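Quick notes on the structure that follows.
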C-alpha cells in the first residue's frame, strides 16, 4: 500500500486536473466505510483522464500554431502592401509634378503668340528700328521662373525614382532595383543622385552575381565622381573585386588610391588591412632575396 501511494504522488505531477481527480478519489475512499479500491483497479480510469487532458492540450497547441502561421502570412501581406503604397505615392508625386509643369507651359504659350503679332506693326515704322529689338528683350522675364519650377519638379521626380529603386534593393528585389536604377540614370544622367545611383547599381549587380557589370558601375563612380560620398566605397569595392579574381596588382592599386585620397575615412583602415593580406608584388621579391 505504501508503494502504491508513492506511485500516485509521482503521477500527480502530470497535470493539475489529474491532481483534482485523485484528490476526489482519495477523499471518497477516506469517507467511505466500504473497502478501499486498490490502485490496480483505479489506475485505468486515472490514465484515461490524463490522456484526455493531454489530447486537449495537443489540440489547443495545434490551433495556436495555425493561428500563428495565419498571423505571419497577414504580416507579410501588410509589408508587401506598404511597399506597393510607397511606390504608388512616388509615382503619383512624379506624375503630379509633370502635370503641373505642363499646365505652366500652356499658360506661358499665349504670351509668346501675342508678342509675335506685335512684330509686324513695328516693322512698318522704318524710321524707328530700335523698338523692334527692345520689345523681345522684355518678353523673356518670366523664363527664369519657369526654369526654376522645372528644375524643382525634375529634382523631386529624380528623388522619388531614386527612393523607389533603393527600397527595391533593400527589400531584395534585385531585378526590379537594377531596372529602376538604369531608368533613373537614363532620365537624369547628371542628376543630384546620379553618383549614388551608379554605386547602388554596382551593389545590385554584385548581388545578382554579375561581377563584370558591378565592376563597371563602381569604376564609373571612381573615375567621374571624385567628390561623391560613395567615392571611397567604390574604390574599396573595386579592390575587393580585383582581389577575389586574384588580380593582386590591380587590387593593390585601388587600395592605395583609397588610402591616398581618403586618408581620414574609416574605409581606408579596411584598405590597409586588405593590403597586408595581399601577397608581395613580383618587383619586391628580388630585393628580398638579395
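Between residue 269 and residue 77, the FRET efficiency from the beta-carbon distance, with R0 = 45 Å, is close to 0.55.
Extension gain residue 224-residue 47, at 0.36 nm per residue separation less the Cα-Cα distance, in nm? That pair, residue 224 and residue 47, stretches by 55.7 nm at full extension. Taken along the Cα-to-beta-carbon direction at a fixed 7 Å, the label points for residue 257 and residue 84 span 4.5 nm. A viscosity of 1.306 mPa s and a temperature of 10 °C, combined with the Kirkwood radius over Cα pairs in Stokes-Einstein, give a translational diffusion coefficient for the range 230-279 of 156 µm²/s.
Peptides 43-54, 70-81 ranked from most to least packed by the mean count of surrounding Cβ atoms within 10 Å: 43-54, 70-81. Taking the number of Cβ atoms within 10 Å of each Cβ as an exposure proxy, the fewest-first ranking of 169, 275 is 275, 169.
Bear in mind that the values in this text are calculations on the coordinates, not laboratory data. Please read all numbers here as calculations on a predicted model, not as lab measurements. Here the Cβ is made from the backbone with ideal geometry for all residues, glycine too, and neighbour counts use every protein chain on show.
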